[in-house]
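Chemist: Below are the structure tokens for one structure; questions will follow.
Taken together, the values in this text are just the output of simple stated rules run on the coordinates, not laboratory data. Quick caveat, the model's predicted, so the values are computed rather than measured. When we count neighbours, we look across all protein chains shown, and the Cβ atoms used for this are built from the backbone with ideal geometry, even at glycine.
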């Protein structure tokens, strides 16, 4: 996505917010949120201090102003606790969201993903999964939120090339009959949910696995990338 005054302004905001989201990943979230049309809400699993929430909120404000439900217990994931000990991030999250002028779009839910999912009845048009990266937790997040995503909606996974998330997306997204238009942007894997994908979709999805192999010859990598890009251009998807 080319630089614009809006993107530059968001980058200046998020540069002061702790977190691990890279600029290209943030721009992707902005576009995904901006393209939501209101058939469902936006859900974020794992907000920490609001870096990714700001990108989603500003994208939504630039589009149809779809509500962003930011779900995080704010007491630190297992990874954060290992690094920093006890963590309470909600106060900083609130300040950062207000400073970015997205507090009227963002609905914080200070709960675990599992707690929030139990009573969450709204259809979901976009879900961004970036909670605990251990395999059992990523698997649970997928199982909890996949049924709530509408047909044509988007599921996105941060750090999808890390061992825990990768096993989930490889087995349950890339090899699934219910996703198409799968692609990576930096470490984020994006997939569009469908009731049933086609044979061509499945072949393109499998190319995603091949393209992540570090041992793939350059010629085969180029052919696979061409196939995946051709599918994305022809899909007309909002993501």
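Chemist: Go through 56-63, 184-191 and give me the packing order, highest mean Cβ count within 10 Å leading. Working shown, then result.
Modeler: On the way: 56-63: 24.4, 184-191: 21.8.
Answer by packing, highest mean first, reads 56-63, 184-191.
Chemist: According to a simple spin-label model (label point 7 Å from Cα along Cα-to-Cβ), what is the distance in nm between residue 15 and residue 161?
Modeler: Here the modelled spin labels are 2.5 nm apart.
Chemist: Continuing with the same structure: Where in segment 152-187 does the label zone of residue 203 land, with the point 7 angstrom along Cα→C-beta and an amide N cut-off under 15 Å?
Modeler: Zone members listed by number: 181.
Chemist: Another question, then. Which of 55, 166, 88 has the fewest other C-beta atoms within 10 Å, and how do the rest follow up to the most?
Modeler: Working: 55 31, 166 20, 88 11.
Final ranking by Cβ density, sparse to dense: 88, 166, 55.
Chemist: Right, something else. Give the peptides 36-45, 167-176 in descending order of average Cβ contacts within 10 Å, highest first. Provide the component values of the computation, followed by the final result.
Modeler: Details: 36-45: 21.6, 167-176: 18.3.
Peptide ranking by packing, descending: 36-45, 167-176.
Chemist: Quick check: pseudo-label points 7 Å beyond the Cα along Cα→Cβ at residue 92 and residue 114, how many nm apart are they?
Modeler: Modelled inter-label distance: 2.6 nm.
Chemist: Given segment 5-199, what whole percent of its Cα pairs are spread farther than 28 Å?
Modeler: Details: 3269 of 18915 pairs.
Result: 17 percent of Cα pairs exceed 28 Å.
Chemist: Based on the Cβ-Cβ distance of residue 37 and residue 104, what FRET efficiency does E = 1/(1 + (r/R0)^6) give at R0 = 30 Å, to the nearest 0.05? Provide the component values of the computation, followed by the final result.
Modeler: Details: r = 19 Å, r/R0 = 0.64.
It comes out at approximately 0.95.
Chemist: Compare the peptides 66-76, 108-118 by average per-residue count of other Cβ atoms within 10 angstrom and give them in order, highest first. Please report the intermediate quantities before stating the final value.
Modeler: On the way: 66-76: 22.1, 108-118: 16.7.
Descending mean neighbour count gives 66-76, 108-118.
Chemist: With just the Cα atoms defining each centre, how far is segment 165-214 from segment 10-34? Give it in Å.
Modeler: First find each Cα centre; the distance between them is then 23 Å.
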